[in-house]
1. So Trp120 passes all but one of these: (1) closer than 21 Å to His357 by Cβ; (2) within 22 Å of the chain's Cα centre (by Cα); (3) open to solvent by less than 10 Å² (accessible area, probe 1.4 Å); (4) at pLDDT 90 or above. Which condition number does it fail?
2. Being more than 19 Å from the chain's Cα centre (by Cα) and under 19 Å from Ala132 (Cβ atoms) is true for just one of Ala388, Ala401, Ala405, Ala417. Which residue is that?
3. Go through segment 88-105 and count every residue that is of a type in the set (Gly, Ala, Ser) and modelled with pLDDT under 90.
4. Would you check if there is a residue in segment 272-287 being β-branched (Val, Ile, Thr), within 25 Å of Ser466 (Cα to Cα) and assigned to a helix (DSSP H, G or I)?
5. Please work out which residue is modelled with the lowest pLDDT, limiting yourself to segment 400-409 and to residues that are open to solvent by less than 10 Å² (accessible area, probe 1.4 Å) and not in a loop (DSSP other than H, G, I, E, B).
6. From the residues in segment 309-356 that are outside any helix (DSSP H, G or I) and touching a residue at least 60 places away in the same chain (Cβ under 8 Å), which one is most open to solvent (accessible area, probe 1.4 Å)?
7. Can you name the residue in segment 208-239 that is out of contact with any helix residue (DSSP H, G or I) (no Cβ under 7 Å at 6 or more places or on another chain), part of a helix (DSSP H, G or I) and in contact (Cβ under 8 Å) with a residue 12 or more places away in the chain and is also nearest to Ala174 (Cα to Cα) among such residues?
8. Suppose we filter Ile175, Ile168, Ile241 for residues that are crowded, with 18+ Cβ neighbours inside 10 Å and farther than 22 Å from Ile133 by Cβ; which single one remains?
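The values are calculated or read from the model by the stated rules, or taken from the named source; none is laboratory data. Note that this is a predicted model, so its numbers are computed, not measured. Positions of Cβ are backbone-derived with ideal geometry, glycine not excepted, and every protein chain shown enters the neighbour counts. In case anyone asks, the SASA skips ligands and DNA or RNA and just uses the protein heavy atoms, side chains included. Shrake-Rupley method; radii C 1.70, N 1.55, O 1.52, S 1.80 Å.
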Amino acid sequence: MRSRPITSMIFARNFALIAVLLLTFSIGLCGEQKGGMQMTTKSQKARAFCQEGLAKMETLHIQAGLQNWRDAAKADPNFALAHILLAYFAQDPTEQVAEREKALAARNSAGPEEQLIVDWLANAGESHWVAAIQAMNTALQQYPNDKHLAWLAGWWLMLAQNEPMRAIPAFERAIHLDPEFADPWNEVAYCYARTGKFDEAFGHIQRYSELLPTEANPQDSFAEISRMAGKYDEALKHYRISLKIDSTFIESQLGLGDTYALMGDEARARTEYAIAIQKGTKVQGVLWALQSAATYVREGDLSGADAAFQSAASQAHTLDFANLEAEAHRSMALYRKDAAAATAALDKAEAALAEKHKVPQALVDLEMASVLRTRVDRAVQDGNREAASAALKKLEDLANASPDANLQIAYHGAAGAVLVAQGKYRDAIVHLEEDMRNPFSMRGLVTAYEKTGDHDSAARMAARLSAFNEPLIEQAVVVPAFRSARSTASQARLERERFDFEW
């Protein structure tokens, strides 16, 4: 299992089904063991809860692990590390904010490595990226033999900064320090899968499954990467094996819904999603409702999609999940035919983000970047160059104010879309190639490559876009239509060739 996004293409969209931080702690009051991390607590009970939580987290039993960490923090309210783990990995954004404040309040009582971790993760949650990166780099320099710290750095680069290729060396460092440390094998596999290198991905997943043969998550990971590779039957098989190993492994239930959705069996997908939602937490219920709503878009039932997304938005509003409320409205703007209706949906998305809420600033900024990116895409689609330029300027200002790679990627994708519309194809390619996992940018690249005469690159990108198998609203809006148009064009070409031959 790998975390699934909260915003359209980037990060978690990431307190959704979060990949877990694997930490091993020393037994003393404050000490360091080889390959491990410091832990500072006077409570043996807190330590025991923390260690039990880690054991759960190592095999991606996320809810049980989070509860153990909550128990650890309750047993020792001054346990900074337990608080910061909850702040960063809790799925409820209001809990993230509360636990970050507790971690900062307890920071001075923690050991030096723990303080760096608090500085790193707390600053990241508030979009203070320079301070976060400095703390991370200092920790890595001062604790070079800590395999779990290397793992965390790889995870952060892969998801928080959306740079999977830069993450691979960090994960490989963790593996070098301990070849039987299972989870980095899983993470490297996802890095390769996200860049289309599926042979390498399956090789690493195979090793991961060998290290944890009786656990559900390796089978879930096998399934997800199979689905990403377009091997739907293999994906369904491995998801079912995962659930046979552990019927409570809800991520695999969700995976069944994702797979059927991408196969085109949208009704079956909604049935599987409904089972997962019934078993999930409140925030999971909203997240998975968004994925379920996208099935109506793939069917072309836009009124059904509106009703489903509006229901998710209302639920998110009631729960004070402002970024998810905004995401629901943003999603509606992507598929609505009428420009005014799309603009109204985007206005509602921005209004939700502007309300008082307890969502970490990093998630608010990330969702705002997605909303502005969608404003640009819609304005380009609707031929409104003035609106496109205005939204692009706002997104540029947001990106310039932060070194967050996700914001930079959103800006590049939007800038490329504007340049394609202006016929400046070579300039567009420079930007769009920074955003090659977004179906809108991939579609723009196909056009830009063709217009510049680079037909080989256009063909490769068209094939990659046709094979894009991630259950996102962008996929639902772009990919099925692109496949259909490509199939129609291919059939027309064959007919012309047959006619010429017969003639």
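1. Result: Trp120 fails condition (1) only.
2. Answer to the selection: Ala401.
3. 1
4. no
5. Looking at residues that are open to solvent by less than 10 Å² (accessible area, probe 1.4 Å) and not in a loop (DSSP other than H, G, I, E, B), I get Asn406.
6. Asp320
7. In this case the residue turns out to be Asn217.
8. When all the criteria are applied, what remains is Ile175.
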